[in-house]
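Please read the structure below before turning to the comments.
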Amino acid sequence: MATKILEAPKVGMVSLGCPKALVDSERILTKLRADGYAMSPDYEGADVVLVNTCGFLDSAKEESLEAIGEAIAENGRVIVTGCMGSEAELIRARFPEVLAITGAHQYEDVVSAVHEAAPPARGAFVDLIPEGGLKLTPRHYSYLKISEGCNHACAFCIIPSLRGKLASRRIDAVLREAEKLVSAGTKELLVISQDTSAYGVDIRHEPREWKGQQVRAHMTDLARELGQLRTAEGHAPWVRLHYVYPYPHVDDVIPLMAEGLLTPYLDIPFQHAAPSVLKAMKRPANEAKVLERIRNWRAIAPDIAIRSSFVVGFPGETEADFQYLLDWLDEAQLDRVGAFRFEPVEGAAANVLPGAVPDEIKEERYQRIMEATAAISAAKLAAKVGRALPVIIDEVGEANEAGSIGATARSQADAPEIDGNVYLRDVPESLQPGDIVEVVVEDADEHDLFGVIASA
């Protein structure tokens, strides 16, 4: 008698916001796949649609509401999750037909809501998931979330109210997930959290057994162990640290970069440099010491790339404060910089601060900081012309009329989606996404490099 293969109900997913939210989406989809669901690439084929929202800024909230409205218009059966889930009344007021609303990283609740909306089909041929889980990123890189929440009380931020206080994962669970991802084809691990430097503080850096030894839940121990992982080909994956607050122990991971255990890259959310603005933001204000530490880091790991983001137009920011920031950036010579115009967020302490900066001044300062940092980036990239650098391939193009094939890659100084690219010419047909190859840099602009694969 033939076995009847049950048809799996299909789930569509719209994932908005930061990489941490993307990891939440991947975990939800992996659990649903294990429960017998299939994934739908479009609204039409989905039995239910999940919208993972962002609620950090008012503009992000509006984008989330627009996505919910589109999903309802195109499908009609919608479940809302994510950071904006904390504003269920607002969502229901605009979209009363939403089936369910859950908050950030409430995996069990959202999965239960899907079960109720579209009961799962069980069967031996349905309950199969890849070893590394379902991913919303390309196969060759993966985000590794090590904790939830944050213990900071920054005046412009409502993350603690959305995602709670710091809650670190067990070190052995993080390393086990990383090992599975690498064995499933990941060539680059992007370590993320709200505050990577604080990993393990809430659990007193509790040690766990891993590979026959005790390993602490601490950023330096985690980084060292991740540097021991190997791909199926026997190579070390790139390990990139994001959201690193410059606590003193960050100095301890720089030698790991010099040893090749960590990708020489740090994503540090400085936010500003002027002491008065940092104080108003409720951020650490030791900008002079940070400059000294950056110099020391570069002495140990000369190729280290430092990226950061800055807020312009924060309440009370004077022209002198902004010029202080520009002067600080000129001295710091950060490799990658993003800037944001201050935007009030409902529930943030900064909303009641005096000295609101007019929008036209915010815009003028934004343009000035982007112009200044673009010039720094252009000079740094120009200095790489003629050098040989390792790059990871993200995409391989089709052959043109002359038979030449191009490819898009990234250097160790470039995180996906937020930094620059390395554009390659005349690559071999055999080149695949995820390959790590040596290239010679031939040209550069303000943000990207251009080159060719080095001859053997």
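The values are calculated or read from the model by the stated rules, or taken from the named source; none is laboratory data. Note that this is a predicted model, so its numbers are computed, not measured. Neighbour counts run over all protein chains shown; Cβ positions are idealised from the backbone, glycine included. The area values use the complete protein model at the heavy-atom level, side chains included, leaving out ligands, DNA and RNA. Shrake-Rupley method; radii C 1.70, N 1.55, O 1.52, S 1.80 Å.
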Quiz prompt | Qualifying positions in the range 47-82 - open to solvent by 10 Å² or more (accessible area, probe 1.4 Å), closer than 24 Å to residue 118 by Cβ and modelled with pLDDT under 90 | solution = 76
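Can you tell me which of 298, 293 is over 24 Å from residue 341 (Cα atoms) and without any contact (Cβ under 8 Å) to a residue 40 or more places away in the chain?
Working: 293 fails: without any contact (Cβ under 8 Å) to a residue 40 or more places away in the chain.
It is 298.
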Exercise. Looking only at the range 237-256, count how many residues are open to solvent by 40 Å² or more (accessible area, probe 1.4 Å) and over 12 Å from residue 219 (Cβ atoms).
Key: 1
Quiz item: Out of (1) surrounded by 15 or more Cβ atoms within 10 Å (Cβ to Cβ); (2) at pLDDT 95 or above; (3) under 26 Å from residue 187 (Cα atoms), what's the single condition that is false for residue 385?
Solution: (1)
Quiz item: If you go through the range 19-73, how many residues are among the β-branched types (Val, Ile, Thr), more than 22 Å from residue 97 (Cα to Cα) and part of a strand (DSSP E or B)?
Solution: 0
Self-check item: The one condition in (1) at pLDDT 95 or above; (2) part of a loop (DSSP other than H, G, I, E, B); (3) buried (at least 19 other Cβ atoms within 10 Å of the Cβ) that residue 315 fails to fulfil
Solution: (1)
Quiz prompt | Filtered residue count, the range 338-377, keeping only those that are open to solvent by 30 Å² or more (accessible area, probe 1.4 Å), at pLDDT 90 or above and not charged (D, E, K, R) | solution = 7
Quiz item: For the range 324-333, does any single residue satisfy the condition of being in contact with a Gly (Cβ under 6 Å, 6 or more places away or on another chain) and open to solvent by 60 Å² or more (accessible area, probe 1.4 Å)?
Solution: no
Exercise. Name every residue in the range 400-456 that is of a type in the set (A, V, I, L, M), part of a loop (DSSP other than H, G, I, E, B) and over 21 Å from residue 185 (Cβ atoms), in order of residue number.
Key: 402, 405, 413, 418, 454, 456
Exercise. Go through the range 190-236 and give me each residue that's out of contact with any helix residue (DSSP H, G or I) (no Cβ under 7 Å at 6 or more places or on another chain), assigned to a helix (DSSP H, G or I) and open to solvent by 30 Å² or more (accessible area, probe 1.4 Å).
Key: 201, 202, 203
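Looking at residue 438, is it open to solvent by 50 Å² or more (accessible area, probe 1.4 Å), among the charged types (D, E, K, R), without any contact (Cβ under 8 Å) to a residue 24 or more places away in the chain and under 23 Å from residue 141 (Cβ atoms)? Explain how you work it out, then say what you get.
Details: open to solvent by 50 Å² or more (accessible area, probe 1.4 Å): yes; among the charged types (D, E, K, R): yes; without any contact (Cβ under 8 Å) to a residue 24 or more places away in the chain: no; under 23 Å from residue 141 (Cβ atoms): yes.
It is false that residue 438 is open to solvent by 50 Å² or more (accessible area, probe 1.4 Å), among the charged types (D, E, K, R), without any contact (Cβ under 8 Å) to a residue 24 or more places away in the chain and under 23 Å from residue 141 (Cβ atoms).
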Quiz prompt | Filtered residue count, the range 177-189, keeping only those that are charged (D, E, K, R), closer than 18 Å to residue 22 by Cα and crowded, with 21+ Cβ neighbours inside 10 Å | solution = 1
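Could you list, in sequence order, all residues of the range 301-326 that are farther than 27 Å from residue 448 by Cβ and not polar (S, T, N, Q)? It would help to see each step written out before you state the result.
Keep residues of the range 301-326 that are farther than 27 Å from residue 448 by Cβ, which gives 313-324.
Matches in the range 301-326: 313, 314, 315, 316, 317, 319, 320, 321, 322, 324.
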